[in-house]
Amino acid sequence: MAEFKYEIIEKIAILSENSKGWTKEFNKVSWNGRAPKYDFRDWHHKDGKMGKGVTLSDKEAANLRQVLDSLKIS
């Protein structure tokens, strides 16, 4: 398996935490030295583990914001 590197550039929000210490987070992350992207992912920082996630470019994050702003969420 190919090795990869990441750096959390900006911690934006912890959306939830479960009883086993995993947090669902929204961050800005640089993967393999590339430009940072917005990132939704589960993390277990204590054990140095991460779950599968979704990364978004600035344009995709802006589009998502428009969609979320249009929803009637209470």
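Bear in mind that the values in this text are calculations on the coordinates, not laboratory data. None of the values given here were measured: they were computed from a predicted structure. Cβ placement follows ideal geometry from the backbone for every residue including glycine, while neighbour counts extend to all protein chains displayed.
What to note about this one:
- From phi via Karplus (6.51, -1.76, 1.60), per-residue ³J(HN,Hα) for the stretch 13-28 in Hz, x at Gly/Pro: 7, 9, 8, 6, 9, 9, 5, 9, x, 7, 10, 8, 10, 10, 9, 10
- Summary value for the chain: 21 percent relative contact order, contacts being C-alpha pairs under 8 angstrom separated by 6+ residues.
- About the Cα centre, charge dipole magnitude for the chain (Lys/Arg +1, Asp/Glu -1 at Cβ), debye: 80 debye
- FRET efficiency for Gln66 and Phe4, using Cβ-Cβ distance with R0 set to 25 Å, rounded to 0.05: 0.20
- Qualifying trypsin sites (Lys or Arg not before Pro) for the stretch 1-57 [loop in DSSP, other Cβ within 10 Å: at most 11]: Lys5, Lys20, Arg34
- Global geometry of the stretch 1-42, whether rounded, prolate or oblate, following the gyration tensor of its Cα atoms and the 1.5 cut on a/c: oblate
- log10 of Debye I(q)/I(0), alpha-carbon scatterers only, for the chain at 0.14, 0.18, 0.28 Å⁻¹: -0.51, -0.80, -1.35
- Within the stretch 1-39, the chymotrypsin sites (Phe, Trp or Tyr not before Pro) that combine a DSSP coil assignment with at most 10 other C-beta atoms in a 10 angstrom radius are Phe4.
- Rounded to the nearest 10 degrees, the angle from helix 58-70 to the longest Cα principal axis of the chain is 40 degrees.
- Difference of contour (0.36 nm per residue) and Cα-Cα distance, Leu56 to Lys24: 10.0 nm
- Estimated 222 nm signal from helices in the chain, with DSSP H stretches of n ≥ 4 weighted -39500 (n - 2.57), rounded to 500: -5500 deg cm²/dmol
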